[in-house]
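One structure is given below, encoded as structure tokens.
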Amino acid sequence: MTDRLVDSFGRVHNYVRISVTDLCNLGCQYCRPGSSLGCKVKSELLSFDQLAALVEVLAHMGVTKVRLTGGEPLLRPRLEALIGRLSRIKGISQIGLTTNGMLLGPRASLLRQAGLTDVNISIDSLVPERYAGITGGGDFNRVIKSIESSCKAGFDKVKLNVVLMHGVNDDEIEAFLKLTVNYPLFIRFIEYMPIGDRIQDWRSEYMPAESILMRCEEKGWQIEPAGGSGSTGSTGGLKDELQEEHEISGPARYYRIAGAAGEFGLISPVSRHFCGSCNRLRITANGCVKPCLYWNEEWDLKPYIGDEEGLRRILLQSLASKPLRHEMTIVPKDIASQPYTLRQMSQIGG
Ligand code: SAM
């Protein structure tokens, strides 16, 4: 039996995203509106010992990059201690964090010292009242302070995530883009995905990430491919193109407005899926592996932690069942052949 995390389509998996808690201190309208989720008892969560044991096995199988997410990962007490442990695992070269930034500012330097290499901060509006509305009470000034502290803390990269929503924040696209002109920021526009409580009515707010490029054109802004890939043109087949982009900069296609200090990225899971180059596994807060964000299948790893051979077997089994692609689509259609995930995004980690 091979030890490498390769699925039946030959995709090599070297990236794991771990939800360290499904609790959140915000209630973003697209993520967990009105839900009262959360592992009910602490023992349902994977402990730091279990997480370290799991990542050690994953590293033996070729994982080099870990992202900690949630829920809100900074709600997990002593996260710095977990990061320190993971950063000492042989083979792990990158540890990222995806956070809403509410608790990040005062901890940014400590997290960096512990071994965190990069941070993604979610910020869906630049208007404080609107930001509070979208996030269910988020404090805009705090997230701005967190961005500033993270820039000073010396992370390899600080990226900002914006979920694009028609009629909610699309009138701020230009303001976000102008930030990249003046500051060396990476701003990523993410398409609204049909996951969670809003799967019935998400389409009314969905908009394709390509519309950002149209806005640039309307403004007469010159844009160029960025992010070190230079591969956003169509020199080869689509799969090759996506593969190359994915290897270099993840699923985002990066661009720069001519002369800008920063870059912007488009993440288009719905309109232009990047499943062909998917290299990631997701671990839910209660220890299940999800080989695909969208499909419902998952395997409980908890019984196997501490049994390296058993863990390897179940991880490979989950990968063998990984589908070629998800079926998130703006066109309503019957996807009953493969039920979509019943998990909320806060349980999966995005
Ligand atoms: N609490 C952290 C945060 O806010 O970044 C981490 C967890 S959150 C689930 C991770 C990412 O998923 C965030 O950037 C969030 O905006 C994104 N997200 C959540 N639900 C989404 C949806 N339905 N469509 C697109 N992105 C979504």
Legend entry - Unmet criterion (only one of (1) within 16 Å of the ligand (Cβ to nearest atom); (2) modelled with pLDDT of 95 or more) for Ser35: (2)
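Please enumerate the residues belonging to region 56-82 that are in a helix (DSSP H, G or I) and more than 16 Å from the ligand (Cβ to nearest atom). So that I can check it myself, show each step before the final result.
Applying the first criterion (in a helix (DSSP H, G or I)) to region 56-82 yields 56-60, 73-75, 79-82.
If the condition is that a residue be in a helix (DSSP H, G or I) and more than 16 Å from the ligand (Cβ to nearest atom), then Glu56, Val57, Leu58, Ala59, His60, Glu80, Ala81 are the ones that fit.
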Inset, instruction - Filter region 177-205 down to the residues that are hydroxyl-bearing (Ser, Thr, Tyr) and more than 13 Å from the ligand (Cβ to nearest atom), then identify the one that is farthest from Ile223 (Cα to Cα). - result: Ser204
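Does Gly138 meet the test of being in contact (Cβ under 8 Å) with a residue 60 or more places away in the chain and touching a helix residue (DSSP H, G or I) at 6+ places or on another chain (Cβ under 8 Å)?
Working: in contact (Cβ under 8 Å) with a residue 60 or more places away in the chain: yes; touching a helix residue (DSSP H, G or I) at 6+ places or on another chain (Cβ under 8 Å): yes.
Yes; evaluated as a whole, the condition is true for this residue.
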Inset, instruction - Working only within region 115-147, note down all residues that are more than 10 Å from the ligand (Cβ to nearest atom) and small (Gly, Ala, Ser). - result: Gly115, Ser125, Ala132, Gly133, Gly136, Gly137, Ser146
Legend entry - Every residue from region 90-104 that is free of Cβ contacts under 8 Å to residues at least 60 places away in the same chain and surrounded by 19 or more Cβ atoms within 10 Å (Cβ to Cβ): Ile92, Ile95, Gly96, Leu97, Thr99, Gly101, Leu104
Inset, instruction - Within region 215-224, work out how many residues are assigned to a helix (DSSP H, G or I) and over 15 Å from Tyr254 (Cα atoms). - result: 4
Inset, instruction - Find the residue count for region 85-114, including only residues that are under 13 Å from Lys157 (Cα atoms), within 16 Å of the ligand (Cβ to nearest atom) and not polar (S, T, N, Q). - result: 4
Inset, instruction - Kindly indicate whether any position in region 135-142 is within 18 Å of the chain's Cα centre (by Cα), of a type outside the set (Lys, Arg), assigned to a loop (DSSP other than H, G, I, E, B) and within 24 Å of Ser346 (Cα to Cα). - result: no
Inset, instruction - Might you let me know whether region 296-317 holds any residue that is within 24 Å of the chain's Cα centre (by Cα), modelled with pLDDT of 90 or more and polar (S, T, N, Q)? - result: yes
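Among the residues of region 113-130, how many are part of a helix (DSSP H, G or I) and either closer than 19 Å to Leu75 by Cβ or of a type in the set (Gly, Ala, Ser) (or both)? I'd like the intermediate steps shown before the answer.
Step one: filter region 113-130 for residues part of a helix (DSSP H, G or I), giving 113-114, 128-130.
Those left that are additionally either closer than 19 Å to Leu75 by Cβ or of a type in the set (Gly, Ala, Ser) (or both): 114.
Here the count works out to 1.
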Legend entry - Residue under evaluation Leu238, criteria (1) modelled with pLDDT under 85; (2) over 24 Å from Tyr192 (Cβ atoms); (3) among the hydrophobic types (A, V, I, L, M, F, W, C), criterion not met: (2)
Legend entry - Failed item, numbered, when Leu281 is tested on (1) farther than 28 Å from Lys65 by Cα; (2) at pLDDT 95 or above: (1)
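Anything in region 178-212 that is part of a loop (DSSP other than H, G, I, E, B) and farther than 17 Å from Ile134 by Cβ? List them, or say none.
Step one: list which residues in region 178-212 are part of a loop (DSSP other than H, G, I, E, B), which gives 183-185, 192-201, 205-210.
Within region 178-212, Tyr183, Pro184, Leu185, Pro194, Ile199, Gln200, Pro208, Ala209, Glu210 meet the criteria.
The values are calculated or read from the model by the stated rules, or taken from the named source; none is laboratory data. Given the structure is predicted, the values throughout are model-derived calculations rather than measurements. Note that we place each Cβ from the backbone using ideal geometry, even for glycine, and neighbour counts take in every protein chain shown.
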